[in-house]
1. Considering the range B:165-190 alone, what residues qualify as being in contact with a helix residue (DSSP H, G or I) (Cβ under 9 Å, 6 or more places away or on another chain) and of a type in the set (Val, Ile, Thr)?
2. Determine, yes or no, whether B:Ala313 is in a strand (DSSP E or B) and either more than 14 Å from chain A (Cβ to nearest Cβ) or of a type in the set (Val, Ile, Thr) (or both).
3. Would you check if there is a residue in the range B:106-115 being hydrophobic (A, V, I, L, M, F, W, C) and more than 19 Å from the chain's Cα centre (by Cα)?
4. Of all residues in the range A:363-411, which are touching a Phe, Trp or Tyr at 6+ places or on another chain (Cβ under 6 Å), surrounded by 22 or more Cβ atoms within 10 Å (Cβ to Cβ) and under 16 Å from A:Ile297 (Cα atoms)?
5. When the residues of the range A:3-31 are filtered to those that are outside any helix (DSSP H, G or I) and charged (D, E, K, R), which remaining residue is modelled with the lowest pLDDT?
6. Is there a residue being more than 11 Å from chain A (Cβ to nearest Cβ), closer than 30 Å to A:Tyr106 by Cβ, open to solvent by 30 Å² or more (accessible area, probe 1.4 Å) and not aromatic (Phe, Trp, Tyr) anywhere in the range B:76-90?
7. May I ask you to list the residues in the range B:385-436 that are of a type in the set (S, T, N, Q) and touching an Asp or Glu at 6+ places or on another chain (Cβ under 7 Å)?
2 protein chains.
Amino acid sequence: MAAEKNNIPYKIYLSEDEMPKAWYNVRADMKNKPAPLLNPGTGEAMGFEDLRPVFCDELVRQELDNDTPFIPIPQEIRDFYKMYRPSPLVRAYCLEEKLQTPAKIYYKFEGNNTSGSHKLNSAIAQAYYAKQQGLKGVTTETGAGQWGTALSMACAYLGLDCKVYMVKVSYEQKPFRREVMRTYGASVTPSPSMDTAIGRKILEEHPGTTGSLGCAISEAVEVATSTPGYRYVLGSVLNQVLLHQSVIGLETKAALDKYGIEPDIIIGCAGGGSNLGGLISPFMGEKLRGEKDYRIIAVEPASCPSFTRGKFAYDFCDTGKVCPLAKMYTLGSGFIPSPNHAGGLRYHGMSSILSQLYHDGYMEATSVEQTRVFEAAEMFARVEGILPAPESSHAIRVAIDEALKCKEAGEEKTIVFGLTGTGYFDMVAYEKFHNGEMSDYIPTDEELGKSFASLPQVPGQA
Amino acid sequence: MAAEKNNIPYKIYLSEDEMPKAWYNVRADMKNKPAPLLNPGTGEAMGFEDLRPVFCDELVRQELDNDTPFIPIPQEIRDFYKMYRPSPLVRAYCLEEKLQTPAKIYYKFEGNNTSGSHKLNSAIAQAYYAKQQGLKGVTTETGAGQWGTALSMACAYLGLDCKVYMVKVSYEQKPFRREVMRTYGASVTPSPSMDTAIGRKILEEHPGTTGSLGCAISEAVEVATSTPGYRYVLGSVLNQVLLHQSVIGLETKAALDKYGIEPDIIIGCAGGGSNLGGLISPFMGEKLRGEKDYRIIAVEPASCPSFTRGKFAYDFCDTGKVCPLAKMYTLGSGFIPSPNHAGGLRYHGMSSILSQLYHDGYMEATSVEQTRVFEAAEMFARVEGILPAPESSHAIRVAIDEALKCKEAGEEKTIVFGLTGTGYFDMVAYEKFHNGEMSDYIPTDEELGKSFASLPQVPGQA
């Protein structure tokens, strides 16, 4: 190992002029394109004019563009990226030694910015196009708070107003996340709130509710579409988000290529799919074009298993059912993970792009239980020195499992995984783990059956 | 600015082989050496044998070595450094633009690691020498928690036991800091505790006390000296710590030299002096040797003004008076900053090296009030994207003030400051600031007079 250490540094940093100048749109290389968004009322595919009231024009164009392979990154966004990018591709020498594996493990670390995650890559892009369009502000929802923080940072930088609807349970349990957003000048409202018709309706029907992501989305969309000069932005799931996040994969690929490294396995955690989709994009492109083959593995929590136990169907994106329908692997928009689920990745659905790719057999998916996730997180923190977010630790878990398989088989595979962020605001979950108060939860078939019953009736859908 | 942006990147990263291979010991270039530690009982200067019961042998040697200019960094420490170093030297283009100043501002950012600060640079060194000596573990104190976290990380990496005495008020107000340390396997005890004789004595005399750094030091030293196989380690103040922290300044200087940049002003916040001492070391060396001249500014809180209002005298390092006496700028070991002081940097004394250099006129010092510090912190976060620690924000405040003076005078000075860490665990203080609940506090001359009365009687001391 010592000799090789001299060749491959602990951290590969690209120079600023090696950073991507265009995002890569994996849809251009997909034979089966992701299904279009549908109007929930009419069941018709939604076009540019239908989506304009919700999203900025340029983002609608990006959302609908299934053909252009490379979309230039505007200079102002590239300048912003330089404040925290390129992010390092880290060779996990210490983890390899701890595991005594012949596998070579790399991770792309996206946590070196104040939002603590990769979310900033899309936040700045969405805020930029809103600003370009002359808007006054944007609205959004946030659960754990990473997306809300990222968007607040982007809006502060550009001088845009930012209204965040934060799932009430997180608002109360994570006052520090809220305070970071306030530092960046955002207004943060616990959801459901009395500010919106949908919030008032939900509160009336469920007076004690602590909220959900789907509900916060409904509120943010309502405010955006009813306030002049505002649009709604979303941190995951959408095609445009995966496009922006391709910067992760492009940098990863450039760093690997620079050192002549060929990955065998690429692993990412998957909630709505923004990180996974971004990380794998250029590799998936090669696979789709038949140039290369990689094992690509999505990792999701056993308590919210969209890929591994969900249905591939059109579903509502939000609880209030005000958003378009998306075709995706879904557990049903009524699905809410058990309250003892501490590991993030709680969304009921999955990116349409990734859903299509999974459906077509281009990637694998696996689910892991949260105590095993936190075991991996703690081991990783101790040897690699980075305290990982629970979400990211799903990928760590499977990377470790694959590295241990290599050890058994004596195989020198190269594993790359996405370390999406840091866990500084997740210490309540870590505390549960340390105190032995964390339990695993797997929804029963009966529970899933119930939430599948909420799937909408769409022509052609079984 | 656009043309220049093409020459000087937003972030200057050295490559791993450009990282320092030896620490720089500024004492070697000082004509007036820092005064020796004294035995509090006898008033005699403490030598190798006197200090061995408290510190590891190699660290005692480093503590006492006033002559060797460069001390090699062992390979294992250099490997650990590679997990989070080299840290970036950032050109604050966005802050410059916000201020519309002709000044060029750079900051050395030490917050890109899980401890959230520069403390890790010395933690790994001290843990390494403890391990080399075959010890079982180390003890220490922590206030805000950065040092305790750093030491926990270093000990986890090397497989050493780590016992942290955490100032009780922080233990209670910062449960997340505590939990991070537990993630790294450290035991964390609120101080004062019933574990130690000194803790029991303090609790008996002051039943309701929420503790102090000086008291936690006393407990940690007692445990280290009474437990076989343990030694005590300290995160600031000591000569050895400034030696290890010289890695900050050496990297900064190498990065500046690489781009032919000559700083005019170098600014650092000062609590015990570890960051400031590390950052300025190689620049101070040039100044001491008469090769260069720089303005070097120490920034401290107006509520804990050791340099600007303290006495240069021998004093106790801890409340329990079990530690050696150190000659330093001090407010008296009985001094405790007002409870409304939220900005860190609470230690009553200052590094002996820095105290001597300040006394000899090689550096300036200034103090700032905390609301102005948080105003600077928030402005910085919004334009530079990094949420700074309150401590670090003292340096930001003065860097901004100096940049504004340049604007008035139309001077194109180059300002370098140390951004020691991130403020993710300081959101209670930020919240106070946002809610307008933060007030400034400056101790009266009478209050300082009282705490000066606790200065020990030492032969030759006025």
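The values are calculated or read from the model by the stated rules, or taken from the named source; none is laboratory data. Source: prediction; values computed, not measured. Here the Cβ positions follow ideal geometry from the backbone for every residue, glycine too, while neighbour counts run over all protein chains shown. Only protein heavy atoms, including side chains, enter the accessible area calculation; ligands, DNA and RNA are left aside. Shrake-Rupley method; radii C 1.70, N 1.55, O 1.52, S 1.80 Å.
1. B:Val167, B:Val180, B:Thr183, B:Val188, B:Thr189
2. Details: in a strand (DSSP E or B): yes; either more than 14 Å from chain A (Cβ to nearest Cβ) or of a type in the set (Val, Ile, Thr) (or both): yes.
So B:Ala313 passes the test.
3. No; the residues of the range B:106-115 include none that is hydrophobic (A, V, I, L, M, F, W, C) and more than 19 Å from the chain's Cα centre (by Cα).
4. Passing the criteria: A:Ala395, A:Ile396, A:Ala399.
5. It comes out as A:Lys11.
6. Here is the first cut: in the range B:76-90, the ones more than 11 Å from chain A (Cβ to nearest Cβ) are B:76-77, B:89.
Within this subset, residues satisfying the condition of being closer than 30 Å to A:Tyr106 by Cβ are B:76-77, B:89.
Restricting the remaining residues to those that are open to solvent by 30 Å² or more (accessible area, probe 1.4 Å) gives B:76.
From what is left, the residues that are not aromatic (Phe, Trp, Tyr) are B:76.
Yes: one or more hits.
7. B:Thr414, B:Thr420
This table checks each residue for (1) under 30 Å from A:Glu411 (Cβ atoms); (2) surrounded by 24 or more Cβ atoms within 10 Å (Cβ to Cβ); (3) within 14 Å of another protein chain (Cβ to nearest Cβ).
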{"residue": "A:Tyr93", "(1), (2), (3)": "yes, no, yes"}
{"residue": "A:Pro102", "(1), (2), (3)": "yes, no, no"}
{"residue": "A:Lys108", "(1), (2), (3)": "yes, yes, no"}
{"residue": "A:Thr114", "(1), (2), (3)": "no, yes, yes"}
{"residue": "A:His118", "(1), (2), (3)": "yes, yes, no"}
{"residue": "A:Ala130", "(1), (2), (3)": "no, yes, no"}
{"residue": "A:Gln146", "(1), (2), (3)": "no, yes, yes"}
{"residue": "A:Ser152", "(1), (2), (3)": "no, yes, yes"}
